[in-house]
Structure formats: structure tokens, C-alpha cells
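The values are calculated or read from the model by the stated rules, or taken from the named source; none is laboratory data. Everything numeric in this text was worked out from a predicted model, so none of it was measured. Here the Cβ positions follow ideal geometry from the backbone for every residue, glycine too, while neighbour counts run over all protein chains shown. These accessible areas exclude ligands, DNA and RNA; they are computed on the full protein's heavy atoms, side chains included. Shrake-Rupley method; radii C 1.70, N 1.55, O 1.52, S 1.80 Å.
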Amino acid sequence: MSVETPPAPGPGQDVAAVVQSLRAAFDNGLTRDLTWRQGQLAALEQMMVENEAEIAEALKGDLGKPFGEACTAEIDFTRKEASHARKHLRRWARPQRAASPLAIQPGKSFIEAAPYGVTLIIGAWNYPFQLVLGPLVGAIAAGNCAVIKPSEMAAQSSALLKRLVERYLDPRAFMVVEGDADVSTALLAQRFDLIFYTGGERVGRVVMTAAAKHLTPVVLELGGQNPCIVDETADLAVAARRIVWGRFLNAGQICVAPDHVYVAASVEARLLEALKHEVTVMFGSDPKSSADYGRIINPRHAARLQALLADGRAVTGGRADVDACYVAPTILTEVAPDAPVLAEEIFGPILPVLPYETLDEALAAINARSPALALYAFTRNKATADRIIGSTRSGSATINDVVVFMANPNLPFGGVGASGMGAYHGRFSFETFSHRRAVLRRSFALDASIRYPPFTKGKLALLRRMA
Ligand code: NAD
């Protein structure tokens, strides 16, 4: 294959040249071979295994990410996604036979998973490896080339990603371009065949607008406020443990964290007690010194969160050290309905708890907001669970747990409405990065004249019956 290795993009990089070189590789058929794709997926797995310590170090530097969280949510997650895709690829890529109606007999119809071409993957900073390498697994498996643009906010992770991708993956097909919004803008001015964006809603709109210019399809993995309901039948100890774990993972900077809890007023006091207890069990009496508690991405975000701490009474936490990017795991009660902490996605370690008298009240409050990425409910009552699922909209719904649904590669991960469009993980990544191409194979036999003019009345009537 005579495809040249593209120039390594650096400061002032020529993004147009990068895209052009990847396009040449794609047009030359580099990515079509399934064995080559499996090789790239294996290299990605190897990259995660061989560089565990360095990846964890970069995540520690960017987000104070605890080692355990770096291993499970970034390194193992990506490795498993790649290995799952590598093992299932041949089955996923097999053309699906479709029936052919009489009018096109003899003929064989197929649905083939065809690569889009050159794709762009733009990631957010909170899971700097998972959020670009997860989609990349889909891009590789489906036979695409990809430009990867990690978030500049997680600078150490971004630099390491670039070095590792260059070392492990085929540079003719995969290229990391580092940089900020200006670089993103320059990339978005290029023509891509699919754009996969993870980040906030505002930039999601920018991405979609830029994509419209080239009629490029987009996948948007956005955020929003994920509601959590706890009714009076729930096991409060287990609910509190799971909610505290999910809310304070990555210091709350996770798009599927429960953002606020609606609790049946009759059990509010007991839930607050249980939540407070779990914070101490998991992070000790001084979470700042806990090895299992992360930091906020930068002082700007820490200051934003610090301001939200005043929006209620802190049952636990309520303190911040902006210079140290530390915000204590905080449970808030007595929060006014119009408080800023309820107006926007918190994306930090603060959990407002809101009592309700009737479930209808909680459902009405949930439905008054844009559909969330994730919805959670804790209840022993199956009818209540069914009702909650049946009367709300969200990217996903989990009963009696939080966050863990995303570790199931057999479930699609994505939002709806303002929380995004399109989905990935497991087979869904392969499908998202594939165009479903209709392929009809006919022979030269039986070229019946009935379909061709000139038409008599009788011929047309027969044709209409057959078609
Ligand atoms: P961010 O600021 O890192 O932005 C995301 C990406 O967009 C970055 O690569 C950045 O360089 C780029 N960007 C920024 N401004 C741009 C512009 N004007 N034009 C083009 N590109 C631009 O991340 P963020 O938006 O702060 O991320 C946090 C948000 O992401 C939260 O809302 C969170 O819920 C959401 N999120 C969603 C998921 C998901 O899977 N659905 C995962 C993680 C985060």
C-alpha cells in the first residue's frame, strides 16, 4: 500500500493536511481489511496494558484521579471495549441477508456495514482517555480513519494520548491533534464523514452547526441533570451507598452521576443520615486527605462549585479550597426550587436532596426539564419502577443502582434531546461508526420487459401488482 505517513501535527499544525492524508489512506483501502482492524484493536489493548502507570500518573496530574478510578474507568474500560470489539468484529461485520421482493428476483439483498471514511472524535476532560479511545474503538472496528482531538483542559492526558497513539496505532489512519477551541474550530472547518463529540451542550450546538455545512452526520454525547428518585420502600442504606459512590466518583465530574435526589418526605431524614454516614465510610472524616477522592479540573471550576455550596444547608461537606482544586463531598438539604445549584448541571461533588410528598410531584419536576442522560430510581415497588420508566424520557434508566449500566457493553450509551444523539459502547460503537449500506446483487437473467416502456394498460396493471 503506497500511503505516506502523514506529517506529525504540532503547534501551528496544518489540520487540512492531516485530514487529507487520512483520506488518502482511507481511499486506498487501508482500513477495509478486518485482520488489519483487529490488529489495531489489539495494539490499543496493548497500549492500555503497557502504559498503565503512565496513564494513571497523567490522570493524577490532571484530575487528582485516584489510582483505582484510573484503572477501572479509563484503562480497563478502554481495554475491555477494544478486546470485545476485536473478538466480535467478524460477526458484526458480516453482511446481513435481507429478503428480496418478487419484482427484483432473481436477486440477493444484503445490508453491509460500511465505514463512513474519515471521522473526527472530540473529547471532554473528565475521562480524557475513555471518552476518545472508547469512540476510537468503534471507528477502528468499523473501518474508519480518525482524527482524535482530546480536551486541552486535561493537558497531561492529552499529551500522553498523542505520544501513545503515535507509538501504537497506524499513523496513516489515526492521528491525535492537540489543542483548544481554536484547533477544534479549525478541524470542524474540514470535511469529515462523521463527527463524534463529547462535551457540553453549548459546544454541541457549535459542532452540529459546523457539521451542517458539510452535511456531516454527528453523534453528540452531552450532559445535563440526571435525576434520582428514592421512594419510601427503598433500602435506604444500599441506596445511600450507591448514590454516594456515583455522585462522588471523579469528584462528581461524571456525566452520568445522579445530579439531585428526589426523596419521599417520610424517609428524607433517614436518607440524609445514611448519605452522610456513607461519605464518612468511603472518604473518612477528612476527604481532602483520602487517596480515593479526586480533585476538580481547575480553580475556575472549583470556584464555580464553591459558589453553589451556599445554595442549601450542608448536611456534610460544604467546604472548598479553590487553589487546591478541592471541593468537599457535599450533601445539601433545604434547597430552594430556583437555586442555581438546581438550574444547571453541577458536574462536581454536590448533591442536593429534595423532598416530595407525592411521586407525581417528582415526576412533574423531572419532566419539566430536558431529558437527562441517565435517570435513577430506588424502590422495592415494581409498579413504581415501571411507572417512573414509563412516564419519563432519558438516555438510560436504572432501577436501584447508578452509573454501572454503562459498564454493560450490551447496552447502548447515549442521550436523547438535550443530552445528546446517537449511542456507543460494545456493538453500538461499531454500528454508530458504520453506514448501513444497501447492497443488491442481481444477475443478467430474466430481464423481463414488463418494467420497461412502452406501457400498455395491461402491462402497467401487472407491473403495479408485482412492484
Ligand atoms: P470541554 O470544555 O473539554 O469541551 C469538550 C471539547 O470541546 C474539548 O475537546 C474542547 O477543546 C472542545 N471545544 C471547546 N470549545 C469549543 C468550541 N467553541 N468549538 C469547538 N470545540 C470546542 O468539556 P466540557 O464541555 O466542559 O465537558 C463537560 C460536559 O461534557 C458536561 O456537560 C458533561 O456532562 C459532558 N460529558 C458528557 C459525556 C457523555 O458521554 N455524554 C461524557 C463526559 C462529559
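Accessible area ranking (1.4 Å probe, heavy atoms, ligands and nucleic acids excluded), largest first, for PHE413, PHE455: PHE455, PHE413. Size estimate for the range 13-61 follows the Kirkwood approach: the inverse of mean 1/r over distinct Cα pairs works out to 13.2 Å. A viscosity of 1.002 mPa s and a temperature of 20 °C, combined with the Kirkwood radius over Cα pairs in Stokes-Einstein, give a translational diffusion coefficient for the range 235-326 of 154 µm²/s.
Ranking PRO329, LEU222, TYR356 by Cα position along the charge dipole of the chain, where only Lys, Arg, Asp and Glu carry charges on their C-beta atoms, puts LEU222 farthest toward the positive end.
Taking 0.36 nm per residue of separation and subtracting the current Cα-Cα distance, fully stretching the chain between ALA467 and THR358 would add 33.6 nm.
Before anything else, pin down the relative contact order of the range 227-414: Cα pairs under 8 Å, at least 6 apart, normalised by residue count, whole percent. Dividing the mean separation by the residue count of the range 227-414 yields 28 percent. Summed over the residues of the chain and divided among them, the accessible surface reaches 43 Å² per residue at a probe radius of 1.4 Å.
Considering all C-alpha pairs of the range 250-289, those separated by over 17 Å amount to 47%. Averaging over every viewing direction, what projected area does the convex hull of the Cα atoms of the range 136-206 cover, in nm²? One quarter of the hull surface, i.e. the mean projection, equals 5.0 nm².
Which residues make up the longest stretch of the chain that has no GluC sites (Glu not before Pro) in a DSSP loop with at most 12 other Cβ atoms within 10 Å? Before the final figure, lay out each step's value.
Details: sites that count: GLU4, GLU357.
By the stated rule (loop sites, at most 12 other Cβ atoms within 10 Å), 5-356.
Normalised size of the range 326-450, defined as Cα radius of gyration per 2.2 N^0.38 Å with N residues, equals 1.59.
Report the rotationally averaged projected area of the range 1-156 based on its alpha-carbon convex hull, in square nanometres.
11.7 nm²
Over all other residues within a Cβ to Cβ distance under 15 Å of VAL322, the charged ones net out to +3, with Lys and Arg as +1 and Asp and Glu as -1.
Relative contact order for the chain: 18 percent, from Cα pairs under 8 Å spaced at least 6 residues apart, divided by residue count.
Taking Cα atoms of the range 280-395, Rg/Rh with Kirkwood Rh, to two decimals?
1.02
Histogrammed with a bin width of 20 Å, the alpha carbon distances of the chain distribute as 23, 49, 23, 5, 0 percent, first bin at zero. Surface composition of the range 227-414: carbon and sulfur make up 53 percent of the accessible area, probe 1.4 Å. At the listed q of 0.15, 0.17 Å⁻¹, the Debye profile of the range 156-268, built from one uniform point per Cα, gives log10 I(q)/I(0) equal to -0.84, -0.94.
Axis angle, to the nearest 10 degrees, between helix 15-27 and the longest C-alpha principal axis of the chain: 50 degrees. With respect to the chain, whose longest principal axis is taken over its alpha-carbon atoms, helix 34-50 is tilted by about 20°.
More than 18 Å apart: what percent of Cα pairs in the range 203-280 qualify? Counting pairs separated by more than 18 Å, the tail of P(r) holds 53 percent.
Pairs of lysine residues in the chain that meet both criteria, 8 or more places apart or on different chains and Cα atoms under 29 Å apart, total 21.
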